[in-house]
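These notes concern the structure reproduced below.
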Amino acid sequence: PRTLYFGGVMVSCTTVFALLLALVLNEQFIGQKIVRALVLLPWAVAPVVSGVMWKYLFHQKYGLINAVLVYLGIIDYYLLWFDDPLSALTIAAFASIWKALPFATIIILAALQSIPESLYRAAKMDGALIWDRFRHVTLPHIRGIIIFVVILQIISGLQAFDMIYTLTRGGPGQATVMLNFLTWVNAFERLSIGMAASMAITLAIVIMALSAVANSFRSKARA
């Protein structure tokens, strides 16, 4: 259940946010190049550094999130974010989304820029509104890429380790222990090498199968 929740939040939010961000970046506006460069910043930061940053953002004593929420009167006192299983798992998911968003945005943006402008002009001449142009022109052309991004995020969710390790170490209790992290726990903390090897092989097979599916969708999108 923990892995499913983590993966569901990460996959859905990353895909939706990346699509919205790519649509915005595909438009012409002042400072477009600067914004595109800023979007890439989370991708350039090492996962361990990202995990430490998010950990201090939600720190129970001097975290920025607590300080802002108290200042705005949304909460009355500093919250222990990482002591609650659901909030700890959700923070880990959104930290992973922040890290994965730039790459997903770039992929979708590249697909958007490959759509012929003549199709949009023809749709406008036929009286199609923004939503109609998105549904009948944009979406059919990037559907394969979106599925490709979804599969990539599923693979990323299955491989989650760095962010979990630096943020929560699997806590509180085992609330944020994912499959990949559990493999590490079995191997290096419980010294259950056989169990860890079995889990690692199973995870590798699943990831290879998903990678093959993702590659097929990428090939179809290119065609």
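Here are the numbers for the structure shown:
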item: Dipole of region 3-85, positive direction: furthest Cα of GLY7, GLY51, GLY73, with charges on the beta-carbon; result: GLY51
item: Heavy-atom accessible surface of the chain: percent carbon and sulfur, 1.4 Å; result: 69
item: Dipole axis of region 1-122 (+1 Lys, Arg; -1 Asp, Glu on Cβ), positive-most option in LEU25, SER114, ALA92; result: SER114
item: Mean Kyte hydropathy of 0.5 or more with a Cα span along the axis of at least 27 Å, helices from DSSP in the chain; result: 2-25, 85-113, 139-158, 193-222
item: Sum of -39500 (n - 2.57) over DSSP H runs of 4+, divided by residues of the chain (222 nm, nearest 500); result: -23500 deg cm²/dmol
item: Relative contact order for the chain, counting Cα pairs under 8 Å that sit 6 or more residues apart, in percent; result: 28
item: Enclosed volume per residue, in Å³, of the convex hull spanned by Cα atoms of the chain; result: 151
item: Vicinal HN-Hα couplings computed from phi for region 126-131 (Karplus, 6.51 cos²θ - 1.76 cosθ + 1.60; Hz; Gly/Pro x); result: 7, x, 6, 7, 4, 5
item: Debye, to nearest 20: dipole size of the chain, +1 on Lys, Arg Cβ, -1 on Asp, Glu Cβ; result: 540
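The values are calculated or read from the model by the stated rules, or taken from the named source; none is laboratory data. Every value quoted in this text rests on a predicted model; they were computed, and no experiment measured them. Cβ sites come from the backbone with ideal geometry, for glycine too, and all protein chains shown count toward neighbours. Surface accessibility is based on the protein's heavy atoms, side chains included, excluding ligands, DNA and RNA. Shrake-Rupley method; radii C 1.70, N 1.55, O 1.52, S 1.80 Å.
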